[in-house]
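First comes the structure, then the notes that go with it.
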Amino acid sequence: EDDFGGFRFYLSDDQGQSWIGPGIGLFELGIATHPSDLNLVLGSDNVGVLIGNNGIQGSFAHETNIGFASVQVHDFSQSFEHYYVATEAGLAFTKEYYNPFINGYDQWTSTNGVFPVPGVGDQEGVSSVAVNPANNQHIVCGYKGGFFVSFAGVSDFFQVTPANWNNTLH
């Protein structure tokens, strides 16, 4: 069992003669190795596609992947023209949610928004988000380990965990 209450899976590239766990940050169920080059591995960290050239336990980097756009949405909040979406893959932000001239993933790219907002949430993403209706720079996000708060908009979140917060009761 892993640190998040789920089961830990192991992988074999030699028909079960040896087993190894996935690399740091990879989700177990989204991994594939190249059939003839076992050093080339594709995986997922629930935000996007990762690629590594040093085997299953090597280092991985995000690969540009515009088509990876299907995530579960938990909550939505807006203030003025700022829109925040809490998803299983993290917090998303855009100023272009209702712009009919900007479609799909373009709403969340660096020109128009941010997805995922760096440093907010955990491997299970963000479960809730609220934006102060009078001040779109004040945002509160909930996740399994507590809360993230910003008083300066999308770029300046910090973690807040109440002293009596119990991770097993939610």
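The values are calculated or read from the model by the stated rules, or taken from the named source; none is laboratory data. Note that the structure is a prediction, hence the values are computed from the model and not measured. FYI the Cβ positions are ideal-geometry reconstructions off the backbone, even for glycines, and counts take in every protein chain you see. Accessible surface is based on the protein model in full, side chains and every heavy atom, while ligands, DNA and RNA are left aside. Shrake-Rupley method; radii C 1.70, N 1.55, O 1.52, S 1.80 Å.
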Quick calc: nm separation of the 7 Å Cα→Cβ label points for Q57 and S155 -> 4.0 nm
Of the accessible area of segment 91-162, computed with a 1.4 Å probe and all protein chains kept, carbon and sulfur make up a percent value of 56 percent
